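The values are calculated or read from the model by the stated rules, or taken from the named source; none is laboratory data. Because the structure is predicted, anything quoted here is derived from the model rather than measured. Please note: Cβ atoms are built from the backbone with ideal geometry, for glycine as well, and neighbour counts cover all protein chains shown. What goes into the accessible areas is simple: the full protein's heavy atoms, side chains included, and nothing from ligands, DNA or RNA. Shrake-Rupley method; radii C 1.70, N 1.55, O 1.52, S 1.80 Å.
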Amino acid sequence: ENRRCVALLALPTPYVCMLFLLAASPPPLRRAPPVMLSSATTAKSALRAALAASDGEPKAPEVLAAITELEPFSIPEPALSPLWAGDWRVITKPDFPDSLGRDAAGRYKFSLGRASFNMFAPQMLPVAIDSILNPSSAPAPGSPGAYEVIVKLDLLLPDASPLAATMENVAECTPVDGNPGRMAVKFGGGCLRPADGAPSEAWRDTFAAPGSSADLSRMQRFQLWVARRLFGLRRAEEVAADGTMTYEMPRAPEGYLDILFLDEDLRVTRGNRGSIVIAERLPG
């Protein structure tokens with residue numbers, strides 16, 4: 001058991017902890033002085049304005065203060081509400097580690113390894129994030145709901161046109177007993193695939209060895225070894241006929257999301273590692 005704990009401490013702790021969700025208390029955050037607002041509409045407008053002024057940074061003091069003002073207007077027991085379900089689009093900035101800055105279009109860039117938590121290679125290939133979608137379904141009695149993180153991105157090849165791709169991470173979600181504002185989340189797998197559904201020659205050349213660990217650091221290789229031993233991690237060793245590469249983690253650790261605000265068109269959550277995600281419901 002002690003060896004298991006030591007191994008867990010070696011794992012990375014990035015964005016929403018999609019793959020390695022481990023419970024821990026987030027550090028205290030600096031907040032701007034609160035300003036009391038009179039309605040949900042006013043509070044949501046104030047949050048959107050604060051988010052725009054902070055360039056999408058959810059932990060900016062003015063954004064945290066706006067969230068605090070918005071929380072009292074949330075529907076009661078949000079983890080039990082059917083409003084949880086729907087197609088959501090994340091409006092906070094991507095929170096993957098080690099940003100490479102922005103491209104000419106203003107999109108945030110990361111390495112594929114950092115954006116996929118070392119699930120896909122080549123690890124150092126730069127990618128530009130177009131959007132992050134967050135479709136969810138409500139749990140039913142005896143059956144968990146679904147919580148997905150779908151990242152639309154471009155793979156920035158050094159000597160060729162970008163390759164449009166979709167990266168999906170799929171989790172189960174269940175309301176936590178005794179806490180109707182908290183949703184337990186367990187990510188069990190995901191994939192990276194061509195956005196247009198047809199793998200080009202450049203795609204197959206880029207991912208000739210999808211399960212390779214050649215460009216991983218010693219620590220990253222150790223982390224993957226731990227994930228294989230503890231969580232049953234399996235990564236695809238070859239590209240499927242449709243260009244898809246997958247991973248599975250059948251014994252994934254369980255994290256949670258505290259639902260700070262939820263109504264018909266806005267959702268604000270804070271993960272067990274302190275990551276804050278603000279999402280708006282897509283029309284239709």
In the stretch 96-154, anything closer than 20 Å to Gly255 by Cα and of a type in the set (Phe, Trp, Tyr) is listed as Phe96, Phe117, Tyr147
By residue number, the members of the stretch 139-172 that are over 24 Å from Arg235 (Cβ atoms), in contact (Cβ under 8 Å) with a residue 12 or more places away in the chain and not in a loop (DSSP other than H, G, I, E, B) are Gly145
Selection from the stretch 62-101 of residues aliphatic (A, V, I, L, M), more than 16 Å from Ala43 (Cβ to Cβ), open to solvent by less than 30 Å² (accessible area, probe 1.4 Å) and part of a helix (DSSP H, G or I) yields Ala79
Among Asp205, Asp258, the single one that is over 23 Å from Pro97 (Cα atoms), out of contact with any Phe, Trp or Tyr (no Cβ under 7 Å at 6 or more places or on another chain) and open to solvent by 10 Å² or more (accessible area, probe 1.4 Å) is Asp205
Checked the stretch 257-278 for anything under 15 Å from Leu64 (Cα atoms) and touching a strand residue (DSSP E or B) at 6+ places or on another chain (Cβ under 8 Å); matches are Asp258, Ile259, Leu260, Phe261, Arg267, Val268, Thr269, Arg270, Gly271, Ile276, Val277, Ile278
Contact list, first residue from the stretch 261-284 and at negative phi and of a type in the set (Phe, Trp, Tyr), second anywhere and outside any loop (DSSP other than H, G, I, E, B) and surrounded by 17 or more Cβ atoms within 10 Å (Cβ to Cβ), beta-carbon distance below 6 Å, six or more apart or interchain, is Phe261/Leu70; Phe261/Val268
Of the residues in the stretch 31-43, those that are at pLDDT 95 or above and either outside any helix (DSSP H, G or I) or in contact with a strand residue (DSSP E or B) (Cβ under 6 Å, 6 or more places away or on another chain) (or both) come to none
Within the stretch 102-123, residues in a loop (DSSP other than H, G, I, E, B) and either among the basic types (Lys, Arg) or closer than 21 Å to Thr246 by Cβ (or both) come out as Arg107, Ser116, Phe117, Asn118, Met119, Phe120, Ala121, Pro122, Gln123
Filtering the stretch 149-162 for residues that are open to solvent by 20 Å² or more (accessible area, probe 1.4 Å) and closer than 16 Å to Ala195 by Cβ leaves a count of 8
| query | Does Ala85 count as aliphatic (A, V, I, L, M) and either in contact with a Cys (Cβ under 8 Å, 6 or more places away or on another chain) or closer than 26 Å to Ser161 by Cβ (or both)? | reply | no
When (1) open to solvent by 40 Å² or more (accessible area, probe 1.4 Å); (2) of a type outside the set (A, V, I, L, M); (3) within 19 Å of the chain's Cα centre (by Cα) are applied to Ser136, the one that fails is (1)
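The rows are residues; the columns are (1) at pLDDT 90 or above; (2) in contact with a helix residue (DSSP H, G or I) (Cβ under 7 Å, 6 or more places away or on another chain); (3) not small (Gly, Ala, Ser).
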{"position": "Pro210", "(1), (2), (3)": "no, no, yes"}
{"position": "Ala214", "(1), (2), (3)": "no, no, no"}
{"position": "Trp225", "(1), (2), (3)": "no, no, yes"}
{"position": "Glu237", "(1), (2), (3)": "no, no, yes"}
{"position": "Ala252", "(1), (2), (3)": "no, yes, no"}
{"position": "Glu264", "(1), (2), (3)": "yes, yes, yes"}
{"position": "Arg267", "(1), (2), (3)": "yes, no, yes"}
{"position": "Arg273", "(1), (2), (3)": "yes, yes, yes"}
Within the stretch 49-61, restricting to residues that are open to solvent by less than 20 Å² (accessible area, probe 1.4 Å) and either of a type in the set (Val, Ile, Thr) or not in a loop (DSSP other than H, G, I, E, B) (or both), the one that is nearest to Ile91 (Cα to Cα) is Leu51
**Request:** Determine, yes or no, whether Gly188 is at pLDDT 90 or above and either open to solvent by 10 Å² or more (accessible area, probe 1.4 Å) or in a loop (DSSP other than H, G, I, E, B) (or both).
**Result:** yes
